[in-house]
Amino acid sequence: MDLSFNADERAFEIEVQSFLAEHLTPEIKRAQALTPSVFSDPDIGIAWQRALHAKGWGAPGWPVAHGGPDWSPAQRFIFEVECARAGAPNVNVMGVKMVGPVIIGFGSQQQKDYYLPRILSGDDYWCQGYSEPGSGSDLASLKTRAARDGDHYIVNGTKIWTTHAHHANRMFALVRTSDTPRQQDGISFILIDMKSPGITIRPILTIGGDHEVNQVFFDDVRVPVANRVGEEGKGWTYGKYLLEFERGAGISSAKLREALRTIAELAESDVTGRAADDPDISLRLSDIEIDIDTLEMTELRVLSALQTGENPGAVSSMLKLRVSEIRQAVTRLGVDVIGHDGLAVEPMRPFYRLNHAPAIPEEMLPIMPEYLNGRAYTIFGGSSEIQREIIAKMVLGI
């Protein structure tokens, strides 16, 4: 890949910078900077999604026929990097980067016509119904059942660690539609209206103090058969396809680089007693920066493949593994940089709505919660142990 930008790409870079300067308000930037989760709250994320959609940039990875902007790999890279530098929120990752590609690849025309425009506009906010108590890394053992009743499925069971289920009006879920000798063959992929009777959402507070995840219960929930994506019993195939996009369809290096920059600036400031003067802190900053550089090169190769219509494949597991490890390294460093100030606890959320002065400087507020939240990086989206097994089998041929 030629990493030098031509005149057209430089012009696009200026266009993106101008758009960000005009539409990314100081309020949104501050809210994002004070968000300890990888998921932005909907009140800022959806507002940003709508601004992007109005520009025609709501789904950078989608085909033009479905609302994508027809960007080259270089343009996609420029967009992701500039958004990260500017501090833009994460949009509805579940909709744009996860269920959207599955509907495009396997959905009916009716599903494409209905759901894709609503994802782009932010009218639908999605959550993911995969993990269950006892069925996390061993997802094929899931027990949430969808029994056929005429033109509907009757869904019973539970999903857990469901991110933003309390905000979402839609869920994409893997459910068991038949019992088969091979567990994967009896799973289907369905789309659920979260306002359906029989759905109960129970909040789960994480160790960082955030209400980000939930347990969702289904008691005789009726879901139209028309809401099944693709063939019955093929959900495992569609679910794996989605996970490839979840793990490898973005430029995480750009956001990691900005997160490290934030920590470096704190380390060089007087509020941390110039922690960067500590040789250990300085060395770790350099080590992480090198890791981000190498990650960026791999992401660029994957991005080139996506532009030709390929799905990420097994390399997405390599990306997911390294992104998780680097994220955790950045958050660990952040805690060491702020030192004893990390003991200050601010229970109110979100931080950007606090109506009182915090006990520590505002820029320190998300550091400890982000570290605690980040303990899950190597678990959600497929644990690191599972990713290493995929790499061994699919990449190394072991």
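If you run the Gaussian network model on the chain, springs between alpha carbon atoms under 10 Å, then out of 11, 173, 86 the most flexible one is 11. For the chain, adding -39500 (n - 2.57) for each run of n ≥ 4 DSSP H residues and dividing by the number of residues yields -14000 deg cm²/dmol at 222 nm. Legend: Rg and Dmax of the range 273-398, from Cα coordinates, 18.2, 57 Å.
Fewest-first ordering of 143, 234, 195 by other beta carbons within 10 Å of each residue's beta carbon gives 195, 143, 234. Computed from the Cα positions only, the extents of the range 130-231 along the three principal axes stand at 42, 29, 21 Å, in decreasing order. Once you've got the GNM for the chain with C-alpha springs shorter than 10 Å, pick whichever of 28, 338, 290 has the biggest mean-square fluctuation. Result: 290 has the largest fluctuation of those listed. Using the alpha carbons alone, the radius of gyration of the range 1-123 stands to its Kirkwood radius in an Rg to Rh ratio of 0.98.
Comparing 43, 179, 270 in a Gaussian network model of the chain where C-alpha atoms under 10 Å apart are linked, the largest mean-square fluctuation is found at 270.
Please report 271, 223, 323 as a ranked list, fewest other C-beta atoms within 10 angstrom at the top and most at the bottom.
On the way: 271 14, 223 21, 323 25.
Listed from fewest to most nearby Cβ atoms, that is 271, 223, 323.
Restricting the range 189-233 to GluC sites (Glu not before Pro) that sit in a DSSP loop and have at most 13 other Cβ atoms within 10 Å of their own Cβ leaves 231. The spacing between the range 1-31 and the range 146-193, judged by their C-alpha centroids, is 40 Å.
Taken together, the values in this text are just the output of simple stated rules run on the coordinates, not laboratory data. Here the structure is a predicted model, which means the values were calculated and not measured. All Cβ positions, even for glycine, are placed from backbone atoms using ideal geometry, and neighbour counts span all protein chains on display.
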